[in-house]
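Structure, as structure tokens:
The values are calculated or read from the model by the stated rules, or taken from the named source; none is laboratory data. Quantities reported herein were computed from a predicted structural model and do not represent experimental measurements. Cβ coordinates were reconstructed from backbone atoms using ideal geometry, including for glycine residues, and neighbour counts include every protein chain displayed.
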Amino acid sequence: MKAFFSILLSLFACASYAKTDTYVGSTPANIVVRDFLGISSTDSIDFIRWKLEIGTDGYRLDAEYGRASAGSPGFIDRKQVAFDGQLTHSGNRYTLSHAGKVISILELNANVLHLLGPGNNLLIGNGGYSYSLNNVQPVRTDAFNIPSVQTAAGNPLVFEGRTPCQELSALLGLNKGPACNKMKWYFLLYQDSLTGKPSYFLMGGIAYKIETMTRGSWQVETGPNGKAVYRLYCDTWSRPLRLLKGDDNTLFFTGADERMLVGNQDFSYTLNRRKEPYPRIER
């Protein structure tokens, strides 16, 4: 009888994972994520690298975490956590359960997931990492499962992040060499003080003199499907940069066809909002 039930459980497990989609990415380690993964709030962590395999009603999660190794995408003191758990799927939202803990994930489309925090809001990353996970076998899709609402306040709007290098280099005509594996982005998006409409943007790295930052123009277009697209124009680019608005705090890079770009285990195509610009040298 025990053998029968063991076989039956094995069959159920196989059924749960008969069709799996695998997502990877590197995220910060805020309290929501630490709590779900069982990581102490006192551990010194720069980022977490995820491998999430999603089945019909279950999942497998393998995560590595620790302090970042300078000059490489690895860790100085790598630690690991791995477990299986139960999964429920309602609309565009996954809920992962394990050991009495739950975390929710939004399916932006079949290629990109994004971790959710309190109130089911998109978690906000930082200049190094976002909370997006990327399908290792992406499919062609136009989907973007967030109807954008133009409510962002602040002048300038400040966004930052790191992305893979080669695809955006080719898209914008930047001619980066094959050794380039990441690009760092930092934008100050200014609006007209009277009309509130997009005016100009500044782009550059932390601690650069503000007068040497690259300047361009930008605009916002909203399609019939509710998608808000930020278009940024710069003289040094061969075409405009397109960013899909997720919410007030997240933007997602797209290709020229306005389909979401799909990242890798180290970097995602996501920009995260800062509350204010970095302190800058005026002269």
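A few remarks follow.
- Pairs with Cβ under 6 Å, 6+ apart, first in the range 194-210 and under 18 Å from LEU241 (Cα atoms) and modelled with pLDDT under 90, second of a type in the set (A, V, I, L, M) and surrounded by 16 or more Cβ atoms within 10 Å (Cβ to Cβ): GLY204/MET213
- Residue identified as closer than 30 Å to ASP35 by Cβ, assigned to a strand (DSSP E or B) and of a type outside the set (Phe, Trp, Tyr) among LEU113, LEU202, LEU189: LEU113
- Residues being part of a strand (DSSP E or B), in contact with a His (Cβ under 7 Å, 6 or more places away or on another chain) and either over 28 Å from LYS275 (Cα atoms) or of a type outside the set (S, T, N, Q) (or both) - total across the range 116-147: 1
- Filtered residues of the range 268-283 (kept if touching a strand residue (DSSP E or B) at 6+ places or on another chain (Cβ under 6 Å), surrounded by fewer than 24 Cβ atoms within 10 Å (Cβ to Cβ) and either hydrophobic (A, V, I, L, M, F, W, C) or part of a loop (DSSP other than H, G, I, E, B) (or both)): PRO277, ILE281
- A single member of ALA110, ALA143, ALA99 is among the hydrophobic types (A, V, I, L, M, F, W, C), outside the structural domain of GLY196 (by TED's automatic domain parsing) and within 22 Å of GLU64 (Cα to Cα), and it is ALA99.
- Within the range 33-45, the set of residues being in a loop (DSSP other than H, G, I, E, B) and buried (at least 17 other Cβ atoms within 10 Å of the Cβ) comprises ILE39, ILE45.
Yes/no per residue for (1) within 30 Å of ARG140 (Cβ to Cβ); (2) in a loop (DSSP other than H, G, I, E, B); (3) in the same structural domain as LEU113 (by TED's automatic domain parsing):
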{"position": "GLU167", "(1), (2), (3)": "yes, no, no"}
{"position": "LYS184", "(1), (2), (3)": "yes, no, no"}
{"position": "LEU194", "(1), (2), (3)": "no, yes, no"}
{"position": "GLU211", "(1), (2), (3)": "no, no, no"}
{"position": "ASN225", "(1), (2), (3)": "yes, yes, no"}
{"position": "TYR230", "(1), (2), (3)": "yes, no, no"}
{"position": "GLY263", "(1), (2), (3)": "yes, yes, no"}
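- Among the residues of the range 60-100, those that are within 19 Å of the chain's Cα centre (by Cα), over 15 Å from TYR129 (Cβ atoms) and either assigned to a loop (DSSP other than H, G, I, E, B) or hydroxyl-bearing (Ser, Thr, Tyr) (or both) comprise ASN92, TYR94, THR95.
- Condition check for VAL112: touching a residue at least 40 places away in the same chain (Cβ under 8 Å) and over 26 Å from ARG259 (Cβ atoms): no
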